[in-house]
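Just so it is clear, none of the values below were taken in a lab; they were calculated from the coordinates. Everything numeric here is computed off the predicted structure, so don't read it as measured data. We place every Cβ from the backbone using ideal geometry, glycine too, and count neighbours over all the protein chains shown.
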Ligand SMILES: [Mg+2]
């Protein structure tokens, strides 16, 4: 679990000769942030002074990820991969700003061929070929305009984790759960896994607060081995939990599959710590999850997430992104909205996590309305922090650190 987060980010700004900027970051929870910064600096020689072809952002990403020496640090996992995410997302923020479009729209207006070319198909073709992905994308083209109109009108559905943090009093949990329903959310989430008696009591309380029709997901943050996960969820079943999130190690494909069989009809959700598209592929092939939770900054940014969205669509698995942290809500909304318009074509059983935290530091913060994310209109990926926040929180010389 993550008991003492110190919300941090390794932050990238790409500058062009024309004076444009692209902003990206990877989120960390404190110590080790400097490792991501060092990894970003290791990529800098591959980026600085180069021509960025906005028509070939897939090629840009592959140039970073295929670097024969940096690859040794992963391959395609951990700090070096998160660093690539920060740079690649900054490139998409830049591309959106230059095109004058929010990134969800930039992606959703690409041709199927352009979208397929963003992905790195290496290691995927036993599960999904570029040709099959093209078919999926072409099927979605006729409905794009109607879904864009719907998205602009209605927004994208969200769920909230606000009521469910460990350590809240029972009164606070009940109050926040009722407030979430009043705010229009149809799903909330509770953290579980520290103490079974506490979890049974908290889940009963939450169920009483929200009634039978609001979904309650629970999140164990990788707490359990396989058998304890199944036993723990058996004790929570009377309160109708909708999904169990991260029951065990994010690398354990077969473990997730066993848990999924063991806790059915409760769904298994995971993905915020899945290292890359190859593990996603295996999770899908092994029928190890019901809900895929992409993260905007853990895999290699927009390009790898495009591959993951295509995989999920091909396997018919809904994507419900992880968010919260520093700017993850801002970044990931673009991926879900693109998915709705141009890939899966559906918001059924799809919700983006929402946490009401740190949005005030962003130039284009998320906007919520009746439990939905409103589609961003500003050019870019909503990943640019305010200059004052960047200055105040810069480590180690910003005023927040000095004080
Ligand atoms: Mg989680």
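Computed over the alpha carbons of the range 144-389, Rg followed by Dmax gives 17.4, 50 Å. May I ask for the distance between the Cα centers of the range 174-242 and the range 1-58, given as a whole number of Å? With the range 174-242 and the range 1-58 each reduced to a Cα centre, they are spaced 35 Å. Taking all Cα-Cα distances within the range 163-294, those exceeding 22 Å account for 34%. Fully extending the segment from residue 261 to residue 71 would add 64.9 nm, taking 0.36 nm per residue of separation and subtracting the current Cα-Cα distance.
For residue 388 and residue 175, the difference between the fully extended length at 0.36 nm per residue and the C-alpha to C-alpha distance is 73.3 nm. From the alpha carbon centroid of the range 359-403 to that of the range 92-112 is 20 Å. Residues of the range 148-189 with an amide N closer than 19 Å to a point placed 7 Å from the Cα of residue 349 along the Cα-to-Cβ direction: 157-160, 186-189.
Apply 1/(1 + (r/R0)^6) to the Cβ-Cβ distance of residue 134 and residue 54, taking R0 = 25 Å, and write down the FRET efficiency to the nearest 0.05.
Working: r = 22 Å, r/R0 = 0.86.
Efficiency for this residue pair is about 0.70.
Tell me, what does the Kirkwood hydrodynamic radius of the range 25-149 come to in angstroms if you use every pair of distinct C-alpha atoms? About 16.2 Å for the range 25-149.
Tell me, what are the semi-axes, in whole angstrom and largest first, of the equivalent ellipsoid of the range 108-221 as set by the roots of 5 times the Cα gyration tensor eigenvalues? Please list the in-between numbers first.
Numbers: eigenvalues 326, 80, 21 Å².
With the √(5λ) rule applied to the range 108-221, the semi-axes are 40, 20, 10 Å.
With a Förster radius of 22 Å applied to the C-beta separation of residue 400 and residue 13, the computed FRET efficiency comes to 0.70.
Computed over the chain with a Gaussian network model linking Cα atoms closer than 10 Å, the most mobile of 388, 288, 90 is 388.
Ordering 15, 273, 334 by the number of other Cβ atoms within 10 Å of each residue's own Cβ, fewest first, gives 15, 273, 334. The length gained by stretching the chain between residue 44 and residue 367 to full extension, at 0.36 nm per residue less their Cα-Cα distance, is 113.0 nm.
What is the diffusion coefficient of the range 284-403 in µm²/s, taking the Kirkwood radius over Cα pairs and the Stokes-Einstein relation at 10 °C with a viscosity of 1.306 mPa s? Translational D for this selection: 102 µm²/s. Note on the chain: antiparallel DSSP beta bridges, both residues inside, total approximately 40 percent of the bridges counted. Please label the shape of the range 115-171 as rounded, prolate or oblate, based on the square roots a ≥ b ≥ c of the eigenvalues of the alpha-carbon gyration tensor (a/c under 1.5 means rounded; beyond that, a/b larger than b/c means prolate, else oblate). Because a/c hits 1.5 or more and a/b fails to exceed b/c, the range 115-171 counts as oblate.
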